[in-house]
1. Would you check if ALA151 is of a type in the set (A, V, I, L, M) and at pLDDT 95 or above?
2. Determine the pairs where a residue that is part of a helix (DSSP H, G or I), located within region 7-23, has a partner that is small (Gly, Ala, Ser) with Cβ atoms under 7 Å apart, the partner being 6 or more residues away or on another chain.
3. For region 49-86, which residues satisfy the criterion of being among the hydrophobic types (A, V, I, L, M, F, W, C) and farther than 14 Å from PRO139 by Cβ?
4. In region 94-132, which residues are aromatic (Phe, Trp, Tyr), more than 19 Å from PHE11 (Cβ to Cβ) and in contact with a Pro (Cβ under 7 Å, 6 or more places away or on another chain)?
5. Out of curiosity, is LEU197 in contact with a helix residue (DSSP H, G or I) (Cβ under 7 Å, 6 or more places away or on another chain) and either free of Cβ contacts under 8 Å to residues at least 60 places away in the same chain or loosely packed, with under 15 Cβ neighbours inside 10 Å (or both)?
6. Kindly indicate which of ARG131, ARG104 is surrounded by fewer than 18 Cβ atoms within 10 Å (Cβ to Cβ), part of a helix (DSSP H, G or I), of a type in the set (D, E, K, R) and out of contact with any Lys or Arg (no Cβ under 6 Å at 6 or more places or on another chain).
Amino acid sequence: MGLPFTREQFFAVFADYNEAVWPAQALLYVLALSAVVLAARGRSMPAALLALLWAWTGVVYHWLFFRPINPAAPIFGGMFVAQAILFLVAAWRRRIRFATGSWRGALGASMIGFALLAYPAWGLLSGHPLRELPVLGVPCPTTIFTLGLLAWTQPGRSRYLLVIPILWAAIGGTAAFTLGVTQDLGLLAAGLLALLLLRPARDDGGGAPEPPRR
């Protein structure tokens, strides 16, 4: 079954989006970096910042820009908004804790660095013009970044938050083959690595968890 849009239409959406929302992309990067700093300090606030990021992607990208060329965009947008609600609830109830120790810390840092730096750089090196470049705030780099932060969460309390991002990694990762977005190979890899985070909770050597902090 073929896609309902062409490769040219797909990248035109990014061009229209980037032009219309600028300089929101820079503000989203500031939000993401704030989430990283707060998560590294063990705060629970990054869950609320992730909620903003997922709500933006669902409403602005999927519903406003992607919907005209893809009949499935309203469903995809609904997935992202649902994930935003899950993050908000987790932040409100303080059910998510961040700890950067053990192998999860290294895994999360690599995903975060890939999403913020390597993903757009890969796109540029692949020949995509800057105006068509997908960056944080559109689905795939947003999902990789999120999986990186979730790798920093203490196991056992946040596995349910991984379900939609891993599902999107499977959906969005197909663009690496169908649309030539080769940097989305990193999305597929992030989704596969995130499956490790679904393992039953056990002591990862990080010590007893500290009470969550704002």
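The values are calculated or read from the model by the stated rules, or taken from the named source; none is laboratory data. Here the structure is a predicted model, which is why all the values come from computation and not from measurement. Reconstructed Cβ throughout: ideal geometry from the backbone, glycine too, with neighbour counts over all protein chains shown.
1. So ALA151 does not fit the description; no.
2. ARG7/GLY180
3. Across region 49-86, the qualifying residues are LEU49, ALA51, LEU52, ILE69, ILE85, LEU86.
4. Going through region 94-132, the residues aromatic (Phe, Trp, Tyr) turn out to be 98, 103, 114, 119, 122.
Retained after the next criterion (residues that are more than 19 Å from PHE11 (Cβ to Cβ)): 98, 103, 114.
PHE98, the sole residue that qualifies.
5. Values: in contact with a helix residue (DSSP H, G or I) (Cβ under 7 Å, 6 or more places away or on another chain): yes; either free of Cβ contacts under 8 Å to residues at least 60 places away in the same chain or loosely packed, with under 15 Cβ neighbours inside 10 Å (or both): no.
No: the conditions fail for LEU197.
6. None of the other options fit; the residue is ARG131.
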